[in-house]
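The values are calculated or read from the model by the stated rules, or taken from the named source; none is laboratory data. Remember, predicted model here, so these are calculated numbers, not experimental data. Reconstructed Cβ throughout: ideal geometry from the backbone, glycine too, with neighbour counts over all protein chains shown. Side chains are part of the model used for accessible areas, which takes the heavy atoms of the whole protein and leaves out ligands, DNA and RNA. Shrake-Rupley method; radii C 1.70, N 1.55, O 1.52, S 1.80 Å.
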Amino acid sequence: MKKTITMGTGNETVMIYYGKMEWLYGPETNVVQKIMVPEEYQESNLDYFKFFNYVFNEYDVSVPGSDTVDGRTAYLLETKPKEGKDEDNLLDGIRIWVDEETWIPLKYEIYLGPQRMEIEIRNLKINTGIQDSEFVFDVPEGAEVVAMNFECLTKA
């Protein structure tokens with residue numbers, strides 16, 4: 001089960017995933033996307049190991065030291081595309097801060113040309129006795145619910 005609240009410039013999105021169903025809600029559009037997740041993409045197939053496997057296969061990785069993210073000590077990983085890889089299909093670089101205790105990525109910086117995207121995990125809590133009810137999505141009053149096709153999303 002996973003619940004993510006993403007705060008951006010002037011907007012906030014909520015994503016709740018509990019194995020078979022994923023709900024995405026953007027209050028600025030008042031639209032709820034309901035996505036049935038096929039069995040082959042549930043739980044064990046949705047993990048950080050695949051991401052790190054991709055990074056280690058396609059990029060040279062260095063560990064220049066450690067840093068602090070949201071009060072937690074993290075190893076800093078820096079990447080650059082490996083020599084001979086098809087650089088047209090790769091990012092210019094990725095920086096990843098990995099929590100020293102849990103090994104969960106806490107922050108990413110992704111570079112492509114002049115563009116930079118930053119993702120940061122704050123208030124990380126893992127298996128803290130959170131009630132299952134926290135992962136039940138209640139559709140906000142008046143919101144439009146749109147059923148999405150998972151296969152179309154994975155091909156995009």
Of VAL14, VAL61, the only residue that is in a strand (DSSP E or B), modelled with pLDDT under 85 and open to solvent by less than 60 Å² (accessible area, probe 1.4 Å) is VAL14
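Could we say that VAL98 is part of a loop (DSSP other than H, G, I, E, B), of a type outside the set (D, E, K, R) and surrounded by 12 or more Cβ atoms within 10 Å (Cβ to Cβ) here? First the steps, then the outcome.
Working: part of a loop (DSSP other than H, G, I, E, B): no; of a type outside the set (D, E, K, R): yes; surrounded by 12 or more Cβ atoms within 10 Å (Cβ to Cβ): yes.
So VAL98 does not fit the description; no.
Given ASP138, ASP132, ASP92, ASP60, which one is more than 27 Å from GLY19 (Cβ to Cβ) and more than 20 Å from the chain's Cα centre (by Cα)? Before the answer, list the steps.
Values: ASP138 fails: more than 27 Å from GLY19 (Cβ to Cβ); ASP132 fails: more than 27 Å from GLY19 (Cβ to Cβ); ASP92 fails: more than 20 Å from the chain's Cα centre (by Cα).
Checking each option against the conditions leaves just ASP60.
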Among the residues of segment 104-129, the number that are over 23 Å from GLU28 (Cβ atoms), open to solvent by less than 100 Å² (accessible area, probe 1.4 Å) and either in contact (Cβ under 8 Å) with a residue 60 or more places away in the chain or in a strand (DSSP E or B) (or both) is 8
